[in-house]
């Protein structure tokens with residue numbers, strides 16, 4: 001058998017997945033069936049032939065065939081890839097308060113960001129929207145707020161996430177959601193209210209009233225003084241604020257009332273002369289009644 005193998009360079013290969021015997025070395029010259037020194041050898045009709053390069057390299061060399069068992073089957077790999085793509089799409093999905101945002105809408109990151117957003121708006125109307133991711137009313141109202149923002153590009157919409165800024169909301173006395181506050185220019189805070197989809201008319205009316213074009217000569221007021229002081233007093237917030245100095249009371253500069261002794265007298269202020277009847281004796285005045293005489 002060794003002589004036959006030495007003279008032959010072409011062999012057939014049997015798929016190891018289908019046959020447990022693995023590699024079968026059979027001379028190409030044998031057809032159908034042949035015998036090697038008394039041992040019958042049968043050819044498999046479905047056996048695969050090695051390429052010419054493999055046959056040439058196999059001569060007088062050791063070739064090791066390995067089965068790759070690490071890769072999953074064709075059916076498993078497709079399922080795994082589909083599942084991975086599905087997980088990737090879920091991870092990239094937007095949150096409901098991030099959908100439909102316009103260029104004039106932003107979410108604040110801190111108390112200082114809120115103060116700066118209102119102060120830097122100038123004469124523009126600023127609508128501060130307090131919401132919570134777990135609030136059903138906030139979620140239902142969000143698409144309409146985005147529509148109002150698109151219809152009023154000159155209005156700045158500022159969002160405050162209640163779950164991320166609870167301490168700041170407590171300092172601003174926000175205890176119901178959804179909640180809105182309107183600020184503008186030198187007027188400062190204009191109004192504050194809570195509304196839902198059922199009471200959306202309240203928001204429409206406030207927006208129509210305060211979104212009209214106007215220009216103030218005084219500087220922008222921003223948040224109210226008491227709101228700034230409350231934020232600065234909150235130890236959970238990294239916000240510093242120095243209260244504005246109050247005007248001192250100076251008595252010397254105010255107008256003092258002029259006393260009657262110093263005030264000049266006029267003719268009308270002078271006493272009228274007594275009537276002639278008063279010049280009579282006291283006896284006559286007792287007998288006759290006092291008669292006022294007028295001129």
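Which of the residues spanning the stretch 121-140 are in contact (Cβ under 8 Å) with a residue 40 or more places away in the chain and out of contact with any strand residue (DSSP E or B) (no Cβ under 8 Å at 6 or more places or on another chain)?
Passing the criteria: 122, 135, 137, 139, 140.
Quick check on the stretch 151-172. Is at least one of its residues farther than 21 Å from residue 111 by Cα and either surrounded by 14 or more Cβ atoms within 10 Å (Cβ to Cβ) or within 15 Å of the chain's Cα centre (by Cα) (or both)?
Scanning the stretch 151-172, I find at least one residue that is farther than 21 Å from residue 111 by Cα and either surrounded by 14 or more Cβ atoms within 10 Å (Cβ to Cβ) or within 15 Å of the chain's Cα centre (by Cα) (or both), so the answer is yes.
Keeping to the stretch 94-126, report how many residues are in contact with a helix residue (DSSP H, G or I) (Cβ under 6 Å, 6 or more places away or on another chain) and assigned to a loop (DSSP other than H, G, I, E, B).
Total satisfying the criteria: 5.
Does the stretch 181-188 include one or more residues that are touching a strand residue (DSSP E or B) at 6+ places or on another chain (Cβ under 6 Å), closer than 22 Å to residue 234 by Cβ and without any contact (Cβ under 8 Å) to a residue 24 or more places away in the chain?
There is no residue in the stretch 181-188 that is touching a strand residue (DSSP E or B) at 6+ places or on another chain (Cβ under 6 Å), closer than 22 Å to residue 234 by Cβ and without any contact (Cβ under 8 Å) to a residue 24 or more places away in the chain.
Specify which of the listed residues (189, 214) is crowded, with 16+ Cβ neighbours inside 10 Å, touching a helix residue (DSSP H, G or I) at 6+ places or on another chain (Cβ under 9 Å) and either modelled with pLDDT under 95 or assigned to a strand (DSSP E or B) (or both).
Going through 189, 214 in turn, the sole match is 189.
Given the structure, is residue 221 free of Cβ contacts under 8 Å to residues at least 24 places away in the same chain and touching a strand residue (DSSP E or B) at 6+ places or on another chain (Cβ under 9 Å)?
no
The values are calculated or read from the model by the stated rules, or taken from the named source; none is laboratory data. In this text, all values refer to a predicted model and were calculated from it rather than measured experimentally. Because the Cβ atoms are built from the backbone with ideal geometry, glycine has one as well, and the counts that use them run over all protein chains shown.
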